[in-house]
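Taken together, the values in this text are just the output of simple stated rules run on the coordinates, not laboratory data. Note that the coordinates shown come from a computational prediction; the quantities given were computed from them, not determined experimentally. Cβ placement follows ideal geometry from the backbone for every residue including glycine, while neighbour counts extend to all protein chains displayed.
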Amino acid sequence: MTRRVSGNKRNPAKRDKTNKLKLSYKRKILYQDRSVEVVLISWPKGVMSNAHDHGQSMGVIQILDGKIIQEVYSKKTRRFLKRSFHNRGQIFFETPDIIHKMGNASNVKTAKTIHIYTPKLKMMVYADSQLKK
Ligand SMILES: [Fe+2]
């Protein structure tokens with residue numbers, strides 16, 4: 001299943017008329033059951049996700065193409081912890097104790113990532129005002 005919904009690059013947390021989150025990136029679920037979810041994400045130039053956690057899921061992400069930027073916050077304190085950049089082939093992890101934002105670090109090239117979550121992802125979205133820089 002491929003889902004493409006338009007969003008606003010400056011405010012990716014916009015919602016549509018049915019209060020569904022409007023994403024500014026393309027998310028394709030490759031596999032899903034109760035235990036695991038595999039997702040392919042295509043990131044247009046310069047697009048960032050909104051801040052989110054991953055519920056109780058552990059996630060592993062590999063960069064398939066392009067360059068990804070990630071900002072990590074503590075879920076407990078909401079404080080900023082680190083910013084990192086990841087290139088093609090690199091892997092990083094999402095753990096239940098963090099909130100993060102991620103996106104395409106490039107303004108000229110699309111990026112692609114593959115995400116594996118266990119159990120199946122149930123994420124919660126945060127407004128920037130809920131985070132401490
Ligand atoms: Fe995430």
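Exceedance of the 18 Å cut-off in Cα-Cα distance is limited, within the set K45/K75; K28/K75; K26/K132; K76/K101, to K45/K75; K28/K75; K26/K132. Sum up the charges of everything whose Cβ sits under 10 Å from the Cβ of K67, counting Lys and Arg as +1 and Asp and Glu as -1, but leave K67 out. Spelling it out: positives minus negatives among the neighbours equals +1. Sum up the charges of everything whose Cβ sits under 14 Å from the Cβ of Q130, counting Lys and Arg as +1 and Asp and Glu as -1, but leave Q130 out. Net local charge, Q130 excluded: +4.
Given a cut-off of 16 Å, what percent of all Cα-Cα pairs of segment 48-103 lie beyond it?
Numbers: 612 of 1540 pairs.
Considering segment 48-103, 40 percent of its Cα-Cα pairs are separated by more than 16 Å.
Measuring nothing but how far apart in sequence close Cα pairs (under 8 Å, 6+ apart) lie, relative to its length, segment 25-130 scores a relative contact order of 42 percent. Our summary of shape: the Cα atoms of segment 25-130 have principal axis extents of 35, 33, 21 Å, ordered from largest down, in whole angstrom. The protection proxy used here, the mean number of other Cβ atoms lying within 10 Å of each residue, ranks peptides 103-109, 77-83 as follows, highest first: 103-109, 77-83.
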